[in-house]
1. If I model a spin label as a point 7 Å beyond the Cα along the Cα-Cβ vector, how far apart are those points for residue 254 and residue 131 in nm?
2. With the radius of gyration and the Kirkwood radius both derived from the Cα set of the stretch 1-47, what is their ratio Rg to Rh?
3. Once label points are set 7 Å from the Cα along Cα→Cβ at both residue 226 and residue 306, what is their separation, rounded to one decimal in nm?
4. By how many degrees, 0 to 90 and rounded to 10, does the Cα axis of helix 3-17 deviate from the longest principal axis of the chain?
5. If you take the C-alpha gyration tensor of the stretch 15-98, multiply each eigenvalue by 5 and take the square root, what semi-axes do you get, largest first, in whole Å?
6. For the chain, find the longest principal axis of its Cα atoms and tell me its angle to the long axis of helix 204-215, 0 to 90°, nearest 10.
7. Over the Cα atoms of the stretch 66-198, what Rg and Dmax result, in angstrom?
8. Can you grab the distance from the C-alpha centre of the stretch 224-279 to the C-alpha centre of the stretch 130-207, Å, no decimals?
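All of the numbers you see were taken from the coordinates with simple rules; none came from a lab. Remember, it's a predicted structure, so these values are computed and weren't measured experimentally. Cβ coordinates were reconstructed from backbone atoms using ideal geometry, including for glycine residues, and neighbour counts include every protein chain displayed.
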Ligand code: GLN
């Protein structure tokens, strides 16, 4: 692919998608996120040689939010193995909003249906090993710093504090999981780890690189280092297809057809097996919590570059 021409294409597709920013609203249940300008839109693409092409707001920092659920799952699988992880969290999509509580009680055995909903990700956070919250978080940050090549990846403290203060629903989920025996250990500590990993700050360039590591089955294409096993990458990409876009995952699979994971700050990480990682940022969200213009842009890009995997 010619980099100059591909960048021009990215710019024109971004311009076409940016009108859709007006169709959404920034997340406000985490007060700090409500401060974002809804008109922003950025995209980066990381190629198998590690080169990155970008258009729009590609240097604007935003928090990973639910995109981080992929990376805690990677760590939990590497530290505990599949059997342990999937005894405590399921593999099925829910059809419910990401913060829903209802099926925790109605489905037996009592465990979250998958690791991409909040309940499942809180359960996964409970599996991350380490001597303290700090230590558990550092394991994750170390992996993300290595994968992005950016040693300065850190938490946005304002977003972290803002979520921690207002997280009644996530607290309810966590304490329900404790009661069901899914979470053991200190619940508030695990919640603290969850809020912190959601508040890890990145740009679309870094998200594109993270997506490329998954596209390369766990290998960092820049250093050639294996970061996690191929089997772990396969599991994550499958969850991205079935549950990555919350209860819009089916629609997204048909309209776009790329494994992807979104977050309420407006980020989306997409991974085209063997071919590229894509990072998108557009904080105006649809009613299910996905970036409106971000989804549109991925749809246009998938058509233009024939990226759909199906
Ligand atoms: N931190 C957010 C929450 O728990 C993450 C949710 C999301 O990005 N969908 O509500």
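1. My value for the distance between the label points is 5.3 nm.
2. 1.12
3. It is 3.2 nm.
4. Here the helix axis deviates by roughly 70 degrees.
5. Calculated on Cα positions only, the semi-axes equal 31, 20, 13 Å.
6. 70
7. Using the Cα atoms of the stretch 66-198, the pair Rg, Dmax is 14.1, 44 Å.
8. Using only Cα atoms to place each centre, the spacing works out to 20 Å.
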